[in-house]
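Participant: Got a structure for you, written out below as structure tokens; questions coming shortly.
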Amino acid sequence: MKLTGAQILLEGLKREGVEVVFGYPGGAVLNVYDEIFKENFKHILVRHEQGAVHAADGYARSSGKVGVCLVTSGPGGTNTVTGIATAYMDSVPLVVFSGQVPTPLIGNDAFQEADIVGITRSCTKHNYLVKDVKELPRIIGEAFYIAKSGRPGPVLVDLPKDVMLDSGNVSFPENVSVRGYHPTYEGHSYQIERALQLIYKAKRPIIYAGGGVILSNASKELTDFTKILNFPITMTLMGLGAFPVTEPLALGMLGMHGTFSANMAISESDLVIAIGARFDDRVTGKIEEFAPHARIIHIDIDPTSISKNIKVDIPIVGDCKRVLTVLLKEMEGHEDETERVKGRVAPWLEQIEKWRNKHALAYELEDAIKPQYVVEKIGELTGGNAIIATEVGQNQMWAAQFYKFTKPRTFLTSGGLGTMGYGLPAAIGAQVAHPDATVIDIAGDGSIQMNIQEMATAVQYNLPVNIVILNNSYLGMVRQWQELFFDRRYAYTCMENIAPDFVKLAEAYGALGFRVEKMKEVVPTLKKAFKAKRPAIIDVVVEKFEGVYPMVPAGASLKQMLLV
Amino acid sequence: MRHTLSVLVENEFGVLSRVASLFSARGFNIESLCVAETLDPSLSLMTIVTRGDEMIMEQITKQLNKLINVIKVTDLSEKKFVDRELVLVKVKATKTNRAEILRIVDIFRGKVVDVSLKTLSIEITGDDGKISAMIELLRPLGIREIVRTGKIAMLRAVK
Ligand SMILES: Cc1ncc(C[n+]2csc(CCOP(=O)(O)OP(=O)(O)O)c2C)c(N)n1
Ligand SMILES: [Mg+2]
């Protein structure tokens, strides 16, 4: 079959089951866009290439499918870098197709040329420059395979214009095999056996679950494992939703803004079972004092995550779902041991209960609207059934603390890179994947301005995302650090009186705009906005100086929490 | 501790830069790096000399393995291996010390590869010990320039 490069690309997308491409056109990808047009392939036109990548990312995180982007050369490519780095840090499967100048011009500083393969080398799982149209089918297959297998991640494919115009007789290979890439899925049985022995000996165990559980669709296995053993469980920011936080065994998030009970429990534990988590510095605090009395079992598909920051006793390289399945199977024959360990752990659970009661997550109601209250009400009004995206800062941490996540793939947040401007486009991508879901971006007044242009995308495609701005007139999280560590010198963090009128802004884009200034308006306005099923901004004027607590100062040990 | 890694990679453009940027991005150090095609032209072999404690070496090995184009990583330092480096040294040669230089070259089984009125250029191949011994002997005579290939290494056959 003789096809042009552009036709091969479209054929490849169909073969990979791609439903939608998020993109932005330009000179280098005109041919590809022409093909998209002729084929009537579903394409969402964003307003900035960063938005395309975050939207594909939100699509991917919420659906488990690979997100796909298409951008032009030069600035089109460089605009994707923050999005790609965001996805890389959080292991999100993406394939980004970028246009490139024709191969004879590469290296000549041609118009709109950027060495995007070089630029993205350290923030992609892998990347390709396609030099010959004949390689295209293989590379497309490899790109999708690499993006979604093993520890997922973004893959970039750079497409020179002449290669897209060129035609060749091509066939798509049936199977993909990459010589130097063989992810390990099955955990080592000897290590699993050893892990089980430690589990049965534990007195003060804790399960520490991360985003890997969600990526491997292992929530059910994790839930069974936790409940059968009756062990307490804490989750990372990326792990929220892996186990219902409403369950008594769940201690909520750990780390810098984790709960008192989670941080105390991990610090006093004698066994940490880390599942799909990577001992990030925001989680561990001072690494030397992290879980000092504990033996550590670490299950992760990425061998480089194991013993990177902390020496573990039992490494298990493998897919969380498969390893947990084997553990559950092994446990089946040992009901008596399970009962014994449950009995032994009972006093530990009582201790944890005391910690939980001593300092539960809380805030004081005052005249000014409390941001935590808004998040709680969002949770109540949606019955915890919404997909929540966040921006970065206090808004993100309050969302993590006060929305009760019970299902995987319902929390979209930039955990690793901490990218302000992630939430709105991610929400748009999630809404594309789940047209009937209630999708909410819990935003800050600072962050929302970083990709506000995507309002136009939401309106154009009638994607009814709700942006709830917790408007504290500050770059609040930075202000909080300045309050605590810089004697309240609020250097360039105050946005009072210089923010746009978000209601008018929403209206200017053709969306709905609401402002909430009084406590009693919070619930009725949210209700009205959610019911309207139209893109909307709900600008909630909240207490300016509210802080996120508990807080472990950077570099301190987890027990050194500031509580108010 | 110093480690010599043998890294089998796909012979593709960009692979060297992936390996090099991995080392720089993660703050691992490279003492030397040699790379050339293997018998199978689709593969290249890199010999990398690096330093690190056990935990760092574990990370380096794992991170290299994680690169899609890397096929196999062997830490030779854990095994018996031979290593060689080729060095070119240009030494100041006067009437009086020319003979001494030639004697040293002879002892180390080096080769004179270029001669001028004022200099002698010498080629020498050997392991670390031999090369540094020769350099130490030549140094007092006045080394003008030195170029080293970096180390290549190979596992010894099991006997
Ligand atoms: C792109 C980017 N630039 C800067 C930062 C540093 N930063 C982290 S939180 C924050 C403040 C965010 O302000 P806002 O969106 O209003 O959220 P709030 O903390 O007030 O809820 C800043 C500037 C960042 N995370 N991302
Ligand atoms: Mg703010």
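Participant: Given the DSSP H assignment, sum -39500 (n - 2.57) over each helix run of at least 4 residues in chain A and divide by its residue total; what's the result at 222 nm in deg cm²/dmol, nearest 500?
Facilitator: My calculation for chain A gives -11500 deg cm²/dmol from helical runs alone.
Participant: Additional query: What residues does segment B:52-71 have that are buried by at least 50 Å² of accessible area in the full protein assembly compared to the chain on its own, 1.4 angstrom probe?
Facilitator: Flagged in segment B:52-71: B:Met55, B:Gln59, B:Lys62, B:Lys66, B:Ile68.
Participant: Would you list A:Trp398, A:Trp481 from the most to the least accessible area, probe 1.4 Å?
Facilitator: A:Trp481, A:Trp398
Participant: For A:Cys494 paired with B:Glu54, estimate the spin-label separation in nm (one decimal), with each label point 7 Å from Cα along the Cα-to-Cβ line.
Facilitator: The two pseudo-label positions are separated by 5.5 nm.
Participant: For chain A, just the Cα set please: Rg and Dmax, both in angstrom.
Facilitator: Calculated on Cα positions, Rg and Dmax stand at 24.2, 72 Å.
Participant: Follow-up question, since we're still on this one. Just which residues of segment B:1-22 lose 40 Å² or more accessible area with every protein chain there, against their chain alone, with the probe set to 1.4 Å?
Facilitator: Relative to the lone chain, where solvent access is computed with a 1.4 Å probe, segment B:1-22 loses at least 40 Å² at B:Phe13, B:Arg18.
Participant: At a Förster distance of 25 Å, what's the computed FRET efficiency of B:Val147 paired with B:Leu8, Cβ-Cβ distance as r, to 0.05?
Facilitator: After rounding, the FRET efficiency stands at 0.40.
Participant: Could you tell me the accessible area of A:Val20 in Å² (1.4 Å probe, neighbours in place), rounded to the nearest ten?
Facilitator: Counting only protein heavy atoms, the figure is 10 Å².
Participant: Separation of segment A:108-171 and segment A:300-365 by C-alpha centroid, Å?
Facilitator: 41 Å
Participant: If you don't mind, another one. For a quick protection proxy, order the peptides A:279-287, A:358-366 by their average other-Cβ count within 10 Å, most packed first.
Facilitator: A:279-287, A:358-366
Participant: Percent of alpha carbon pairs in segment A:189-358 separated by more than 20 Å?
Facilitator: 44 percent
Participant: What's the FRET efficiency of A:Lys14 with A:Asn385 using the Cβ-Cβ distance as r and R₀ = 25 Å, to the nearest 0.05?
Facilitator: Rounded to the nearest 0.05, the efficiency is 0.15.
Participant: Provide the net charge surrounding A:Lys203, with neighbours chosen by a C-beta distance below 9 Å and charges set as Lys +1, Arg +1, Asp -1, Glu -1.
Facilitator: +2
Participant: Next question. Among bridges DSSP assigns within segment A:2-169, what percent are antiparallel (round to 5)?
Facilitator: Of the beta bridges lying entirely in segment A:2-169, close to 10 percent run antiparallel.
Participant: I'd like the residues of segment A:307-336 whose 1.4 Å-probe accessible area shrinks by no less than 20 Å² going from the isolated chain to the full set of protein chains.
Facilitator: A:Ser307, A:Lys308, A:Lys311
Participant: Note down the relative contact order for segment A:41-98 as a percent, whole number, built from C-alpha pairs under 8 angstrom at least six residues apart.
Facilitator: 42 percent
Participant: Find out how many positive minus negative residues lie around A:Thr259, taking Lys and Arg as positive, Asp and Glu as negative, among other residues whose Cβ is under 12 Å from that of A:Thr259.
Facilitator: +2
Participant: Then there's this: Keeping all protein chains in place and using 1.4 angstrom, which order do A:Cys123, A:Cys494 fall into by accessible surface area, from largest down?
Facilitator: Order by accessible area, largest first: A:Cys494, A:Cys123.
Participant: So which of A:Lys14/A:Lys407; A:Lys38/A:Lys134; A:Lys220/A:Lys559 end up more than 27 Å apart by C-alpha?
Facilitator: Values: A:Lys14/A:Lys407 30 Å; A:Lys38/A:Lys134 23 Å; A:Lys220/A:Lys559 31 Å.
Among A:Lys14/A:Lys407; A:Lys38/A:Lys134; A:Lys220/A:Lys559, the Cα-Cα distance tops 27 Å for A:Lys14/A:Lys407; A:Lys220/A:Lys559.
Participant: Give me the percent of the accessible area of the protein assembly as shown that comes from carbon and sulfur atoms, probe 1.4 Å, all protein chains in place.
Facilitator: Within the protein assembly as shown, the accessible surface is 54 percent carbon and sulfur.
Participant: Do the alpha carbons of any pairs in A:Lys286/A:Lys342; A:Lys308/B:Lys151; A:Lys148/A:Lys329; B:Lys62/B:Lys130; A:Lys42/A:Lys527; A:Lys520/A:Lys544 sit beyond 21 Å of each other, and which pairs?
Facilitator: Violating the 21 Å Cα-Cα cut-off are A:Lys286/A:Lys342; A:Lys308/B:Lys151; A:Lys148/A:Lys329; B:Lys62/B:Lys130; A:Lys42/A:Lys527.
Participant: While we're looking at this one, here's another question. For chain B, rounded, prolate or oblate, judged on the Cα gyration tensor with a ≥ b ≥ c (square roots of eigenvalues), a/c < 1.5 rounded, else prolate if a/b > b/c?
Facilitator: Because a/c hits 1.5 or more and a/b exceeds b/c, chain B counts as prolate.
Participant: Roughly how many Å² is the accessible area per residue of the protein assembly as shown, as a whole number, for a 1.4 Å probe? Provide the component values of the computation, followed by the final result.
Facilitator: Values: 30620 Å² over 723 residues.
Result: 42 Å² per residue.
Participant: Same structure, new question: Using the beta-carbon distance between A:Met519 and A:Lys38 and R0 = 51 Å, what value does 1/(1 + (r/R0)^6) give for FRET efficiency, to the nearest 0.05?
Facilitator: Efficiency, rounded to the nearest 0.05: 0.40.
Participant: Report the convex hull volume per residue for segment A:2-169, counting only C-alpha atoms, in Å³.
Facilitator: 92 Å³
Participant: Continuing with this model, one more query. Please report, to two decimal places, log10 I(q)/I(0) for segment A:204-248 at q = 0.15, 0.22 Å⁻¹ as given by the Debye formula with identical point scatterers on the Cα atoms and no solvent.
Facilitator: Result of the Debye calculation: -0.30, -0.66.
Participant: Go through A:320-326, B:118-124, A:174-180 and give me the packing order, highest mean Cβ count within 10 Å leading.
Facilitator: Packing proxy ranking, top to bottom: A:320-326, B:118-124, A:174-180.
Participant: So what's the projected area for segment A:105-243, the Cα convex hull averaged over all directions, in nm²?
Facilitator: 12.4 nm²
Participant: Follow-up question, since we're still on this one. Normalised by the residues of chain A, what does the relative contact order come to in percent, with Cα pairs under 8 Å and at least six apart?
Facilitator: The normalised contact order for chain A reaches 14 percent.
Participant: Helix B:54-66 against the longest principal axis of chain B: what's the angle in degrees, Cα atoms only, rounded to the nearest 10?
Facilitator: Its long axis makes an angle of about 70 degrees.
Participant: Turning to a different aspect of this structure: Quick one: give the max-minus-min coordinate of the C-alpha atoms of segment A:1-57 along each principal axis, largest first, in Å.
Facilitator: 36, 26, 15 Å, listed from the longest principal axis down.
Participant: Checking an interface number: how much accessible area is buried between A and B, summed over both chains, with a 1.4 Å probe, in Å² rounded to 100?
Facilitator: For chain A against chain B, roughly 1800 Å² becomes buried.
Participant: Now for a different question. Working from the pairwise distances between different alpha carbons, so that the mean of 1/r is found and then inverted, what is segment A:53-115's Kirkwood radius in Å?
Facilitator: One decimal place: 12.3 Å for the Kirkwood radius.
Participant: Shifting gears a bit: Give me the orientation-averaged projected area of the Cα convex hull of segment A:371-541, in nm², one decimal.
Facilitator: Mean orientational projected area (segment A:371-541, Cα hull): 9.5 nm².
The values are calculated or read from the model by the stated rules, or taken from the named source; none is laboratory data. Source: prediction; values computed, not measured. In this analysis, Cβ positions are derived from the backbone assuming ideal geometry, glycine residues included, and neighbour counts consider all displayed protein chains. Quick note on the areas: whole protein, heavy atoms, side chains included, nothing else; ligands and nucleic acids left out. Shrake-Rupley method; radii C 1.70, N 1.55, O 1.52, S 1.80 Å.
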